[in-house]
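Peer 1: Here it is, the structure, as structure tokens.
Readers should treat all values here as calculations from the given coordinates under stated rules, not as data from a laboratory. Bear in mind the structure is a predicted one, so any value in this text is a computation, not a measurement. All Cβ positions, glycine included, derive from the backbone under ideal geometry; neighbour counts span all protein chains shown.
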Amino acid sequence: MNGDRIAVAMSGGVDSSAAAAILKDAGHDVIGFSMQLWDQRRNPSLGTDHPGGRCCSLDDIQDARLVAARLGISYYVVNLQEEFERQVVRAFIDDYCSGRTPSPCVLCNSRMKFDHLLRLAEQVRATHVATGHYARSARSPEHGRYMLLKGRDPDKDQSYFLFELTQEQLARALFPLGDLEKTQVREIARRYGLAVADKAESQEICFVPDGDYAGFIERYCRDSTLTHGGDRPLSGGEIVDAGGRVLGRHDGIHRFTIGQRRGLGIAHSEPLYVIYIEPSTRRVVVGERYKLDAASCRIERIHWVSVAEPRTSIRAAVKIRSRHTEVPAEICPLDKGRAEVLFDTPQPAVTPGQAAVFYQDEVVMGGGWITRQ
């Protein structure tokens, strides 16, 4: 593989920059691509001094351009804003307005970064694509499938966000940082004299860099023709307890997620949490902490990335959100790409709209999307 042409997704951050440097040093013909996904000028409330999101701001693209020049590699910027808005942003808004809590980074990876990067790679006759994700891949000697593996650094592992990758995508994907820790990656960037070596990381969704999801949704819906089922997408409703007793009112279910405690605007003798959201009635159901625990959940749109679809129940470690610790569970297949997950121990705040990813040791078996029972 030495000397192959490789298309690298470059966000302007230290991770993708170091990945490009590693591949260039290994003797590959590296071509950098930055995907312009979101125009930060559409977030006017942030002000001019607020940093943009990952891979979307003009500063990030300029950083990527300077890294490419420093490494002496070809570099291109591709405008994918329309596709990103249609496939990721609108899905994000639709989920929140339907009482779900989305995970847009999963969709961005599978539908945007890898899908479009592979197309770009074909245009420049590159054999592989590479990203700065902390993950690994390998081909199974037993069944020949490509497997998605955790990154070596447990604190940086990003395999959760990649479970929707296809066999075709995995076969051509490279993860140069998969065996490294963050400190090593920054040191590599310093060694190559890359100005982004100490660049801070963004912890927010790129198109909502200030973390104000509700504000973003309200601005978007106000400025577009997006509607949901003919109703006003942001209409308010009642906050009730598990028995249906009205405790207060709210300004829209897009402002709530399962397990939320703050911002309820309710005076009560003990803390209350959002335990359920009823999109059809616009009701937000609240209750005590123990009512958040769930012994099971339903999963839909399952994708088996590293293994063939099982015909019978299997054991796995399941992660129900990106920063959640994996827990042992039994996965019971149902029909139409669905399954029921039975946790060994009840789990708090199992949230519709989030991804549930299945692991067996370091292998990502697959995953799906949590739905309502």
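Peer 1: Can you tell me how much longer the chain between Glu168 and His268 gets when fully stretched, taken as 0.36 nm per residue apart minus their C-alpha distance, in nm with one decimal?
Peer 2: Details: separation 100, 0.36 × 100 = 36.00 nm, distance 5.36 nm.
Roughly 30.6 nm would be gained on extension.
Peer 1: Another question, then. Tell me, what ³J(HN,Hα) does each residue in segment 207-215 have, in order and in whole Hz, if you take phi through Karplus 6.51 cos²θ - 1.76 cosθ + 1.60 with θ = phi - 60° and put x for Gly and Pro?
Peer 2: Once θ is set to phi - 60°, the couplings for segment 207-215 become 8, 10, x, 8, x, 8, 4, 4, x Hz.
Peer 1: Return the long-range amide H neighbours of Asp293 (sequence gap of 5 or more, or a different chain), with a cut-off of under 5 Å between placed amide H atoms.
Peer 2: Long-range HN contacts for Asp293: Ala349.
Peer 1: Let me check against my output: what whole-number percent is the relative contact order of segment 235-287, with C-alpha pairs under 8 Å and at least 6 apart?
Peer 2: Working: 97 pairs, mean separation 21.6, N = 53.
Here the relative contact order equals 41 percent.
Peer 1: Tell me, in nm to one decimal, what length is gained between Val246 and Gln123 on full extension, where the rule is 0.36 nm per residue of separation less the Cα-Cα distance?
Peer 2: On the way: separation 123, 0.36 × 123 = 44.28 nm, distance 5.89 nm.
Contour length minus Cα-Cα distance gives 38.4 nm.
Peer 1: Quick one, what does Rg over Rh come out to for segment 87-150 if you take C-alpha atoms and the Kirkwood Rh?
Peer 2: Numbers: Rg = 15.5 Å, Rh = 14.2 Å.
Rg divided by Rh gives 1.10.
Peer 1: Which order do Leu234, Leu165, Leu194 fall in if you start with the one that has the fewest other Cβ atoms within 10 Å? Kindly include the intermediate steps, with their values, before the conclusion.
Peer 2: Details: Leu234 18, Leu165 25, Leu194 22.
By the 10 Å Cβ count, ascending: Leu234, Leu194, Leu165.
Peer 1: Something else: Counting other beta carbons within 10 Å of each Cβ, put Asp4, Asp361, Asp63, Asp15 in order, fewest first.
Peer 2: Values: Asp4 15, Asp361 8, Asp63 22, Asp15 26.
Lowest to highest Cβ neighbour count: Asp361, Asp4, Asp63, Asp15.
Peer 1: Related question: Restricting things to Cα coordinates, could you compute the convex hull volume per residue of segment 235-287 in Å³? The partial results should precede the final answer.
Peer 2: On the way: hull volume 3.6 nm³, N = 53.
Taking the convex hull of the Cα positions in segment 235-287, it is 69 Å³ per residue.
Peer 1: Another question about this same structure. Anything over 18 Å Cα to Cα? Flag those among Lys156/Lys199; Lys156/Lys182; Lys150/Lys319; Lys150/Lys182; Lys182/Lys319, in the order listed. Don't skip to the answer; put the middle values down first.
Peer 2: Working: Lys156/Lys199 16 Å; Lys156/Lys182 7 Å; Lys150/Lys319 13 Å; Lys150/Lys182 15 Å; Lys182/Lys319 22 Å.
Those over the limit are Lys182/Lys319.
Peer 1: For the chain, compute Rg over Rh where Rg is the Cα radius of gyration and Rh is the Kirkwood radius from the inverse mean 1/r over Cα pairs.
Peer 2: On the way: Rg = 21.7 Å, Rh = 22.0 Å.
Rg/Rh for the chain comes to 0.99.
Peer 1: If you don't mind, another one. Which values, in whole Å and largest first, are the semi-axes of the equivalent ellipsoid of segment 164-293 obtained as the square root of 5 times each eigenvalue of the Cα gyration tensor? Don't skip to the answer; put the middle values down first.
Peer 2: On the way: eigenvalues 337, 82, 57 Å².
In descending order, the three semi-axes are 41, 20, 17 Å.
Peer 1: State, to one decimal in nm, how far the label point of Asp335 lies from the label point of Asp198, with both points 7 Å from Cα in the Cβ direction.
Peer 2: Using points 7 Å along Cα→Cβ, the separation is 6.1 nm.
Peer 1: Could you tell me the relative contact order of segment 161-275? Use alpha-carbon pairs under 8 Å, at least six residues apart, and round to a whole percent. Mind showing how you got there, number by number?
Peer 2: Working: 69 pairs, mean separation 13.7, N = 115.
In percent, rounded to a whole number, it is 12.
Peer 1: Take every Cα-Cα distance within segment 169-209, group them into 5 Å bins from 0 onward, and report for each bin the whole-number percent of pairs it holds.
Peer 2: So the P(r) values, bin by bin, are 5, 17, 18, 19, 19, 19, 3.
Peer 1: Turning to a different aspect of this structure: In sequence order, what are the phi-derived ³J(HN,Hα) couplings for segment 177-193 according to the Karplus relation 6.51 cos²θ - 1.76 cosθ + 1.60 with θ = phi - 60°, rounded to whole Hz, with x for glycine and proline?
Peer 2: Listing the rounded values in order: 9, x, 9, 10, 9, 4, 4, 5, 5, 5, 5, 4, 4, 5, 4, 8, x Hz.
Peer 1: If neighbour count is taken as other Cβ atoms inside 10 Å, put Lys113, Lys182, Lys336 in order from fewest to most.
Peer 2: Working: Lys113 25, Lys182 16, Lys336 7.
Taking fewest neighbouring Cβ atoms as first place, the list is Lys336, Lys182, Lys113.
Peer 1: Can I ask one more? Give me the percent of DSSP beta bridges within the chain that run antiparallel, rounded to the nearest 5. Numbers along the way, then the final one.
Peer 2: Values: 47 of 66 bridges.
Given both bridge residues lie in the chain, the antiparallel proportion sits at roughly 70 percent.
Peer 1: At 25 °C and a viscosity of 0.890 mPa s, what translational diffusion coefficient does Stokes-Einstein give for segment 294-371, taking Rh as the Kirkwood radius over Cα pairs? Give it in µm²/s as a whole number. Intermediate values should be presented prior to the final figure.
Peer 2: Numbers: Rh = 12.1 Å.
Stokes-Einstein gives a translational diffusion coefficient of 203 µm²/s.
Peer 1: Among Gly151, Gly263, Gly132, whose mean-square fluctuation peaks in a Gaussian network model of the chain (Cα, cutoff 10 Å)?
Peer 2: Highest fluctuation of the listed residues: Gly263.
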